[in-house]
Amino acid sequence: MHGTVAEGYEPVRDAFIRNFERRGEHGAALTVHRDGRKVVDLWGGSTDPADPNAAPWTGDTAVVVHSATKGLAAAVPHLLHQRGQLDLDAPVASYWPQFKAAGKERVLVRHLLAHRAGLPTLETPLTPEEALEPGRAARALAAQAPEWQPGTAHGYHPHTFGWLLGELVARASGGRSLGRWFTDEVAGPLGLDLWIGLPDEVAAGGRVARVARQEAPAPEPGALRTRPKRSVTEAYADPGSLTRRAFGAIEPKPDDNDPVYRAAEFPASNGIATARSLSAFYAALLGPLGGARRLFTPATLTQARSEESEGPDRVLVVNTRFGLGYMLHGSASPLLGPGSFGHPGSGGSLGFADPETGVSFGYVTGTLHRSVTSDPRPQALVRALRAVVGLAG
């Protein structure tokens, strides 16, 4: 293990170490900021869990964070709105005329952000090669009918969230892609190692860890286990389910370690981040960071984390809570406290902010377990952090 913790945060360090000892961790990093000050900065393990001779993880190691990318991508429409370039209550078709086909005239921008648009699937799944074709997925979504009446229910949009936001941002911003806008206006000015579309020079530098899927160890004795009536894993096993069709919008699943996939822009799933920068991004949503102006105004911060969707999720088959682009604290994805907002990534990564305590959190891993929204490793870290900052639960 390497890194530092501020006085009082030693229980978080201990939980990080236990993840390697008990929870099947092989390479990961964790950073926590409080009121813009770094209080936890830890890393350990290997940059390739499948290769015993791989280079060690460092504080500057980056890795694909899967759906934690959505939290980065969601900042872009909020900032466009903050600048008067995007109306969240406008019909999507007012920016993207082709989108109004098949009964989608009344789908609002906020419906896309809150997973209420009814478009979690593609009628015809794309191959990884087809998904790389610019605009192909967006054109398919513009042409197809929604799975439910938009605005009346919610269901997680695993892949389509990114294609929908990507096309919307390009049209509202004068043609800049979402990944380019994020680099130009967020990551670049703040000096953050966050990318939606990995640049060639970063890929060549050897800083990006490989990821590998591995089975998690059995739960510890006495660990709390809850089981919904039907889990997302069981729903996924049903080829005709909305769950399977939503997660299967790209078939077969793209290779996270493929340089071509990493270089492309998938704003729902292929962001690459260091733990330091993931936490710093959320810290910058809350307040000034390193002398730079805060990203979100107080009004935008309230807008982003105000509940838009709550209850049974038609795709994840459990109760979920969403603000505008961000998951909110709840049973499906426990965060620090009731006002926390952020996004987990399939396999384990997690980023979030908690305005009430001034805490931001970034955890990244190259060891992917079979988790969608609530992996035991970041949850153990969150529990330790919750105790440190004096929150119950």
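The values are calculated or read from the model by the stated rules, or taken from the named source; none is laboratory data. Everything numeric here is computed off the predicted structure, so don't read it as measured data. Don't worry about glycine lacking a Cβ; one is built from the backbone with ideal geometry, like all the others, and counts go over all protein chains shown.
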Can you run down the residue pairs with Cβ atoms below 7 Å, 6 or more apart or on separate chains, where the first is in region 161-189 and among the charged types (D, E, K, R) and the partner is at pLDDT 95 or above?
Glu167/Trp96; Glu167/Ala138; Arg171/Tyr95; Arg171/Trp96; Arg176/Ala170; Glu185/Leu79
Name the residue that is surrounded by the most Cβ atoms within 10 Å (Cβ to Cβ), counting only residues in region 251-270 that are in contact with a helix residue (DSSP H, G or I) (Cβ under 9 Å, 6 or more places away or on another chain) and under 13 Å from Val211 (Cα atoms).
Asn270
Please enumerate the residues belonging to region 306-344 that are surrounded by 23 or more Cβ atoms within 10 Å (Cβ to Cβ), closer than 19 Å to Val359 by Cβ and not hydroxyl-bearing (Ser, Thr, Tyr).
Met327, Leu328, Leu335, Leu336, Phe341, Gly342, His343, Pro344
The residue that is modelled with the highest pLDDT, considering only those in region 1-24 that are of a type outside the set (Gly, Ala, Ser) and more than 17 Å from Ala384 (Cα to Cα), is His2
By residue number, the members of region 356-375 that are surrounded by 21 or more Cβ atoms within 10 Å (Cβ to Cβ) and not polar (S, T, N, Q) are Val359, Phe361, Gly362, Tyr363, Val364, Gly366, Leu368, Val372, Asp375
Considering only residues of region 40-55 that are of a type in the set (A, V, I, L, M) and in a strand (DSSP E or B), which is surrounded by the fewest Cβ atoms within 10 Å (Cβ to Cβ)?
Leu42
Can you pull out the strands (runs of 3 or more DSSP E) entirely within region 291-379 that have at least 3 residues that are more than 16 Å from the chain's Cα centre (by Cα)?
309-312
Write out, first by first residue and then by second, each pair whose Cβ atoms fall under 6 Å of each other, whose residues are 6+ apart or on separate chains, and whose first residue, in region 42-54, is touching a residue at least 40 places away in the same chain (Cβ under 8 Å) and over 7 Å from Gly27 (Cα atoms) while the second is of a type in the set (A, V, I, L, M) and in a loop (DSSP other than H, G, I, E, B).
Asp48/Ala54
Restricting attention to region 313-341, which residues are out of contact with any Ser or Thr (no Cβ under 8 Å at 6 or more places or on another chain) and more than 26 Å from Leu385 (Cα to Cα)?
Arg314
Set Arg176, Arg210, Arg171: member being at pLDDT 95 or above, charged (D, E, K, R) and within 16 Å of Phe266 (Cα to Cα):
Arg176
Where Val382 falls short, out of the listed (1) modelled with pLDDT of 95 or more; (2) assigned to a loop (DSSP other than H, G, I, E, B):
(2)
Scanning region 1-39 for residues that are crowded, with 20+ Cβ neighbours inside 10 Å and without any contact (Cβ under 8 Å) to a residue 40 or more places away in the chain, which turns out farthest from the chain's Cα centre (by Cα)?
Val5
Determine whether region 56-67 contains at least one residue that is within 30 Å of His115 (Cβ to Cβ), part of a helix (DSSP H, G or I) and touching a helix residue (DSSP H, G or I) at 6+ places or on another chain (Cβ under 6 Å).
no
What is the residue count in region 90-127 for residues that are surrounded by fewer than 14 Cβ atoms within 10 Å (Cβ to Cβ), of a type outside the set (S, T, N, Q), out of contact with any strand residue (DSSP E or B) (no Cβ under 9 Å at 6 or more places or on another chain) and part of a loop (DSSP other than H, G, I, E, B)?
1
